[in-house]
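Below you'll find the structure, written out as structure tokens, and then a few comments.
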Amino acid sequence: MTKDDVADALDEIGVLLELQGESSFRVNAYANGARTVRSLADDLKQLVAEKRLGDVRGLGSALVEKITTLVETGSLPYLEDLRRQVPAGLVEMRQLQGLGAKKVKALHDALGIDTVEKLKAACESGAVGKLKGFGAKTQANILESIRFREQAGQRVRIDLATGLAEALLARVRELPGVIRAEACGSVRRRRETSGDIDLLASAADAKPAIDAFVAFPEVVRVLGQGPTKASVLATTRVDGDKVTLQADLRVVTDALFPFGLHYFTGSKAHNIHMRQKAIDRGWLLSEYGLGSEDAPIACKTEADIFAAFGMEYVPPELREDTGEVEAAEQKTLPRLVEYTDIRGVFHNHTTYSDGGASLEEMALAAKALGWEYFGVGDHSQSLAVARGMPPSVVRKQWDEIDRVNATLSGVQILKGIESDILEDGSLDYDDELLAGFDYVVGSVHTHFGLSEADQTARVCRALANPRLTMLGHSTGRLILKREGYKIDLEEVLKTAARFGKMVEINASPYRLDLDWTHARRAKALGGMVVINPDAHSPGELAQTRFGVDVARRGWLGAKDVFNTRGLADVRAELARRRKG
Ligand code: DGT
Ligand code: CA
Ligand code: CA
Ligand code: ZN
């Protein structure tokens with residue numbers, strides 16, 4: 001059992017106890033224990049063997065005993081009992097947005113609901129709304145969560161799909177006989193989510209590669225296997241999160257690789273448009289080649305395919321048939337921003353609010369990524385659930401920033417804030433305090449239920465505030481979990497452009513907000529975009545790459561993205577904006 005396996009078991013115990021109505025004290029002990037185990041520096045087996053688990057801070061005797069059993073025997077009767085006692089459907093219900101363990105338990109106790117299907121029926125019949133502590137609004141929210149989940153289907157977030165694709169790809173590339181290999185499809189186009197993983201490899205002989213693929217340790221089930229293609233269900237962990245997804249491997253000869261790469265990268269709409277271009281010339285384009293049967297056009301790379309059409313190379317992120325074919329013909333494709341263009345970030349959290357690391361730790365992690373500045377944007381006073389900072393704490397943080405900055409070389413901390421945009425559109429501190437920040441990120445975290453008109457007016461009022469520098473996560477959506485609040489984004493982007501305010505691409509793979517279509521729109525309206533990871537730990541700073549993917553899908557170049565500028569430039573621009 002790995003640390004992650006043990007931590008998963010502890011997490012599961014916590015969830016099951018919570019669903020049984022246990023005290024939050026006991027529930028939290030398991031959740032915290034799981035976190036402790038996940039981040040253990042020492043070898044877990046060794047700790048158990050040497051009976052040193054009890055010395056680890058945060059692990060009480062009950063947890064030590066269970067971890068020991070798990071590590072020594074690979075299973076835990078206590079957990080198996082719990083699983084028998086709590087219906088699996090309750091665990092699934094708890095994963096619905098807005099439905100905590102207490103509510104799930106109440107639904108089970110009062111109405112005997114133990115599956116998502118029964119819950120849906122009970123909402124539709126109005127039974128849930130009549131329950132004490134629920135009401136019509138809660139019932140409508142639950143129903144919306146269920147419908148959203150049904151619609152999301154079996155897709156997974158891009159960070160998880162990427163992690164699994166990279167793990168499989170690394171193994172495919174190591175196989176004897178494999179010449180080239182790539183992940184195609186939505187993973188290569190850097191979409192927000194993926195429905196499956198499409199791997200393509202070239203080799204003179206396909207069979208050995210296919211045979212090896214279906215036996216990879218990530219493979220949990222073989223869905224289909226032929227001489228040149230196999231489909232499997234594969235699973236791995238990405239930063240502690242478990243991901244399971246279908247993965248297909250196709251093996252072609254190396255001469256066919258560029259055509260397969262182009263075809264399986266898609267999108268389907270892009271492929272259809274390219275195929276039409278071929279037909280216009282009297283050619284055929286497919287995964288098997290380009291040209292006519294008597295005069296095939298040899299291509300060594302994907303770039304050769306576009307060149308054969310007299311086109312510029314179209315980066316995969318643009319292949320959605322939203323004008324990229326025409327622009328490539330006219331040779332007017334933009335030069336897209338790259339992850340290596342990023343020089344720092346602005347919206348991040350530390351232990352001053354709900355982050356997990358200190359200012360200095362975060363700044364050093366930013367430096368390790370090659371960045372020149374780490375902008376802190378902890379939560380403001382109103383957001384109590386995320387330990388929003390009262391003014392006295394803000395001043396304390398400023399003092400610490402000054403102290404830490406004096407000791408840092410090669411990186412500097414910028415004094416920012418993620419200010420709540422209050423219900424009436426005002427910011428969360430008085431003007432004098434706001435004036436002391438290098439910049440202000442304004443975000444909506446409350447009152448998601450306003451009408452579209454009110455929500456739009458609220459955000460636009462914040463954009464008109466001279467103290468606001470940039471708008472955080474514009475819609476509040478959570479990928480595959482929750483739709484954003486109702487807001488007229490076109491109006492918001494226009495207002496941002498009018499007041500010269502930046503709009504964030506929140507790069508957290510849970511958010512990706514602005515999405516790529518609106519990132520593109522922001523640029524078209526003359527606005528400036530900023531890519532922020534919204535990091536709550538040092539490791540999350542690198543999530544910025546997912547925001548760069550969104551920017552690229554939105555046709556943005558380096559000069560469209562504020563944080564491609566260096567520290568001196570950024571400081572000067574922020575100072576200029578503060579003066580108004
Ligand atoms: P996904 O898997 O839903 O996240 O999205 P994709 O884009 O990876 O789609 P997938 O896996 O169904 O197919 C991979 C690529 O194969 C797709 O992007 C384009 C190509 N492809 C699949 N079906 C067709 C088709 O019927 N016509 C054409 N022209 N291309 C197709
Ligand atoms: Ca796919
Ligand atoms: Ca596929
Ligand atoms: Zn936020």
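With respect to residue 130, is the statement that it is on the phi < 0 side of the Ramachandran plot and surrounded by 15 or more Cβ atoms within 10 Å (Cβ to Cβ) true? Judged against the criteria, residue 130 is not a match. The sole residue among 127, 167 that is within 23 Å of the chain's Cα centre (by Cα) and over 25 Å from residue 13 (Cα atoms) is 167. Screening residue 356 with (1) free of Cβ contacts under 8 Å to residues at least 40 places away in the same chain; (2) buried (at least 17 other Cβ atoms within 10 Å of the Cβ) gives one miss only, at (1). Any residue at all in segment 204-211 that's of a type in the set (A, V, I, L, M, F, W, C), farther than 15 Å from residue 243 by Cβ, more than 16 Å from ligand 1 (Cβ to nearest atom) and at pLDDT below 95? There is no residue in segment 204-211 that is of a type in the set (A, V, I, L, M, F, W, C), farther than 15 Å from residue 243 by Cβ, more than 16 Å from ligand 1 (Cβ to nearest atom) and at pLDDT below 95. Residue by residue through segment 291-320, note down the ones that are crowded, with 16+ Cβ neighbours inside 10 Å and part of a strand (DSSP E or B). Listed by number, the list holds a single entry, 291.
Close Cβ contacts (under 8 Å, 6 or more residues apart or on different chains) running from residues in segment 192-209 that are among the hydroxyl-bearing types (Ser, Thr, Tyr) to residues that are open to solvent by 20 Å² or more (accessible area, probe 1.4 Å) and near ligand 1 (Cβ under 8 Å from one of its atoms) comprise 193/155; 194/155.
Is there a residue in segment 181-189 that is more than 12 Å from ligand 3 (Cβ to nearest atom), modelled with pLDDT of 95 or more, closer than 22 Å to residue 270 by Cβ and charged (D, E, K, R)?
Yes, there is a match, as at least one residue in segment 181-189 is more than 12 Å from ligand 3 (Cβ to nearest atom), modelled with pLDDT of 95 or more, closer than 22 Å to residue 270 by Cβ and charged (D, E, K, R).
Tally the residues that are hydrophobic (A, V, I, L, M, F, W, C) and farther than 17 Å from residue 373 by Cα, restricting the search to segment 530-557. Residues flagged as hydrophobic (A, V, I, L, M, F, W, C) and farther than 17 Å from residue 373 by Cα within segment 530-557 amount to 6. Residues that are open to solvent by less than 10 Å² (accessible area, probe 1.4 Å) and farther than 16 Å from residue 532 by Cα do not occur anywhere in segment 470-482. Contact list please: Cβ distance under 6 Å, first residue in segment 230-248 and under 20 Å from residue 182 (Cα atoms), second residue open to solvent by 10 Å² or more (accessible area, probe 1.4 Å) and within 16 Å of ligand 4 (Cβ to nearest atom), pairs at least six apart or on different chains. Qualifying pairs under 6 Å: none. Scanning segment 466-520 for residues that are within 24 Å of residue 565 (Cα to Cα) and among the small types (Gly, Ala, Ser) returns 472, 474, 496, 497, 500, 507, 508, 519.
The set of residues from segment 303-357 being within 30 Å of residue 393 (Cα to Cα) and not hydrophobic (A, V, I, L, M, F, W, C) comprises 343, 344, 347, 348, 349, 350, 351, 352, 353, 354, 355, 356. Would segment 34-44 turn up any residue that is within 25 Å of residue 482 (Cα to Cα), at pLDDT below 90 and among the polar types (S, T, N, Q)? Scanning segment 34-44, I find no residue that is within 25 Å of residue 482 (Cα to Cα), at pLDDT below 90 and among the polar types (S, T, N, Q), so the answer is no. Within segment 190-204, the residues that satisfy the criterion of being within 13 Å of ligand 3 (Cβ to nearest atom) and either among the acidic types (Asp, Glu) or on the phi > 0 side of the Ramachandran plot (or both) are 196, 198. Only one of the numbered conditions (1) open to solvent by 70 Å² or more (accessible area, probe 1.4 Å); (2) in contact (Cβ under 8 Å) with a residue 12 or more places away in the chain is violated by residue 276, and that is (2).
Can you list the helices (runs of 4 or more DSSP H) lying wholly within segment 1-97 that have 2 or more residues being hydrophobic (A, V, I, L, M, F, W, C) and either on the phi > 0 side of the Ramachandran plot or more than 32 Å from the chain's Cα centre (by Cα) (or both)?
44-49, 61-73
Count of segment 194-214 residues, restricted to those that are under 19 Å from the mean Cα position of the chain (by Cα) and either open to solvent by 10 Å² or more (accessible area, probe 1.4 Å) or within 16 Å of ligand 4 (Cβ to nearest atom) (or both), is 2. Filter segment 176-186 down to the residues that are in contact (Cβ under 8 Å) with a residue 24 or more places away in the chain and open to solvent by less than 10 Å² (accessible area, probe 1.4 Å), then identify the one that is nearest to ligand 4 (Cβ to nearest atom). Among residues in segment 176-186 that are in contact (Cβ under 8 Å) with a residue 24 or more places away in the chain and open to solvent by less than 10 Å² (accessible area, probe 1.4 Å), the one nearest to ligand 4 (Cβ to nearest atom) is 185. Every condition in (1) within 30 Å of residue 35 (Cα to Cα); (2) away from ligand 3 (no atom under 12 Å from the Cβ); (3) open to solvent by 10 Å² or more (accessible area, probe 1.4 Å) is met by residue 168 except one, and the failing one is (3).
The values are calculated or read from the model by the stated rules, or taken from the named source; none is laboratory data. Note that the coordinates shown come from a computational prediction; the quantities given were computed from them, not determined experimentally. Heads up, the Cβs are rebuilt from the backbone with ideal geometry, glycines too, and the neighbour counts pull from every protein chain shown. These accessible areas exclude ligands, DNA and RNA; they are computed on the full protein's heavy atoms, side chains included. Shrake-Rupley method; radii C 1.70, N 1.55, O 1.52, S 1.80 Å.
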